[in-house]
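Worksheet: the structure to be examined is printed underneath.
The values are calculated or read from the model by the stated rules, or taken from the named source; none is laboratory data. Just so it is clear, the structure is predicted and the values come from calculations on it, not from any experiment. Here the Cβ positions follow ideal geometry from the backbone for every residue, glycine too, while neighbour counts run over all protein chains shown. Areas reflect the complete protein model, heavy atoms only, side chains present, ligands, DNA and RNA absent. Shrake-Rupley method; radii C 1.70, N 1.55, O 1.52, S 1.80 Å.
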Amino acid sequence: GEGLNVGQVFLAFTHLTMPTSAENPMPDVGLVAGIQLFDASQTEVLKGLWGAFPGEEARGNYGGVNYAAKVIPDTPMSVHMAFLGDTAVVSMSADALMGIIDRFQGTAPEGSTLAEDADYKAMLAAAGGSISGGTTSFIRVGQMMGVAQQFIAMAAAESPDPGMAQILVGLFDSLGLDAVRVAGSTAAVGSDGLIHSTSVMSIDSSAPGLL
């Protein structure tokens, strides 16, 4: 069938909020994806794909932007979609989607966009700047490792073999991955047809661990 003619694409993991009560047992996962559609008529193709996704649809409006939501079958988790200009945005978190809408409309607090983030700007400067038509990645490794440690600790607490679970926790901690503050890269296909990439990491050299 007809495919999607897309431009820029982004994928972001904005936050992970752990459950706070038995009534709300699932974490809020701020996973967001965006696709720029060059041809406005392609929105109908994407809407068709969304319609084929199983689950009952609910609709809402935030900041004057209409969005749709569906509960993922057999789970308490949901997925949300909105169109912002020529970009379709899909998220597993209503909070993350609303944050994207705020930034798109310019109503978010000053300094809350990635482009304004000091660490992101420092990473880009160290990598030689962004490349037109290329890709850019940016990861707060330390924060991600903190989340991973929480999950490992929770799994260890419920393990039938507490001794082995504690060994695994200790091995993970000894890696020192949480000493990596941020990591990022830029990449693009050059005129020679080869991919040219630059990677950057910011590491706390005083932190213990293998790193």
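What's the total number of residues in region 96-132 that are more than 16 Å from LEU11 (Cα to Cα) and either touching a residue at least 40 places away in the same chain (Cβ under 8 Å) or loosely packed, with under 14 Cβ neighbours inside 10 Å (or both)?
Counting residues in region 96-132 that are more than 16 Å from LEU11 (Cα to Cα) and either touching a residue at least 40 places away in the same chain (Cβ under 8 Å) or loosely packed, with under 14 Cβ neighbours inside 10 Å (or both) gives 22.
Identify, by number, the condition in (1) at pLDDT below 90; (2) out of contact with any Pro (no Cβ under 8 Å at 6 or more places or on another chain) that THR186 doesn't meet.
Failing condition for THR186: (1).
Would you mind telling me which numbered condition in (1) in contact with a helix residue (DSSP H, G or I) (Cβ under 6 Å, 6 or more places away or on another chain); (2) loosely packed, with under 13 Cβ neighbours inside 10 Å ASP192 fails?
(1)
Do we find a residue being hydroxyl-bearing (Ser, Thr, Tyr), closer than 30 Å to LEU46 by Cα, surrounded by 15 or more Cβ atoms within 10 Å (Cβ to Cβ) and within 15 Å of the chain's Cα centre (by Cα) anywhere in region 64-79?
Applying the first criterion (hydroxyl-bearing (Ser, Thr, Tyr)) to region 64-79 yields 67, 75, 78.
Next cut, closer than 30 Å to LEU46 by Cα only: 67, 75, 78.
Adding the requirement that they be surrounded by 15 or more Cβ atoms within 10 Å (Cβ to Cβ) leaves 67, 78.
Next, from what is left, pick out any that are within 15 Å of the chain's Cα centre (by Cα): none.
No; the residues of region 64-79 include none that is hydroxyl-bearing (Ser, Thr, Tyr), closer than 30 Å to LEU46 by Cα, surrounded by 15 or more Cβ atoms within 10 Å (Cβ to Cβ) and within 15 Å of the chain's Cα centre (by Cα).
Kindly establish whether ARG59 is open to solvent by 30 Å² or more (accessible area, probe 1.4 Å), in a strand (DSSP E or B) and either free of Cβ contacts under 8 Å to residues at least 24 places away in the same chain or hydrophobic (A, V, I, L, M, F, W, C) (or both).
Values: open to solvent by 30 Å² or more (accessible area, probe 1.4 Å): yes; in a strand (DSSP E or B): yes; either free of Cβ contacts under 8 Å to residues at least 24 places away in the same chain or hydrophobic (A, V, I, L, M, F, W, C) (or both): yes.
Yes.
Could you identify the single residue in ASP178, ASP173, ASP161, ASP204 that is open to solvent by 40 Å² or more (accessible area, probe 1.4 Å) and touching a Gly at 6+ places or on another chain (Cβ under 7 Å)?
Details: ASP173 fails: touching a Gly at 6+ places or on another chain (Cβ under 7 Å); ASP161 fails: touching a Gly at 6+ places or on another chain (Cβ under 7 Å); ASP204 fails: touching a Gly at 6+ places or on another chain (Cβ under 7 Å).
The conditions single out ASP178.
Of all residues in region 20-41, count the ones that are open to solvent by 50 Å² or more (accessible area, probe 1.4 Å), at pLDDT 70 or above and not hydrophobic (A, V, I, L, M, F, W, C).
2
What are the residue pairs meeting all of these: first residue in region 172-198, first residue more than 14 Å from GLY133 (Cβ to Cβ) and in contact (Cβ under 8 Å) with a residue 40 or more places away in the chain, second residue open to solvent by 20 Å² or more (accessible area, probe 1.4 Å) and of a type in the set (Asp, Glu), Cβ atoms under 9 Å, and 6 or more apart or on different chains?
That search, which allows pairs on different chains as well, returns ARG181/ASP119; ARG181/ASP204; VAL182/ASP119; GLY184/ASP119.
In region 199-211, which residue that is hydrophobic (A, V, I, L, M, F, W, C) and closer than 25 Å to SER130 by Cα is modelled with the lowest pLDDT? Talk me through it step by step, then tell me what you get.
To start, the set of residues in region 199-211 that are hydrophobic (A, V, I, L, M, F, W, C) comprises 200-201, 203, 207, 210-211.
Add one more test, that the residue is closer than 25 Å to SER130 by Cα, and what stays is 200-201, 203.
Values: VAL200: 93, MET201: 89, ILE203: 84.
Among those residues, the one meeting the criterion is ILE203.
Just to check your reading of the model, which residue among GLY129, GLY99, GLY142 is more than 27 Å from MET26 (Cα to Cα) and at pLDDT 75 or above?
GLY129
So in region 47-56, with the set limited to residues that are open to solvent by less than 70 Å² (accessible area, probe 1.4 Å) and in contact (Cβ under 8 Å) with a residue 12 or more places away in the chain, which one is farthest from the chain's Cα centre (by Cα)? Give the derivation first.
Our first condition is that a residue be open to solvent by less than 70 Å² (accessible area, probe 1.4 Å); within region 47-56, this holds for 48, 50-51, 55.
Of the ones still in play, those that are also in contact (Cβ under 8 Å) with a residue 12 or more places away in the chain are 50, 55.
Working: TRP50: 20, GLY55: 23 Å.
Among those that are open to solvent by less than 70 Å² (accessible area, probe 1.4 Å) and in contact (Cβ under 8 Å) with a residue 12 or more places away in the chain, it is GLY55.
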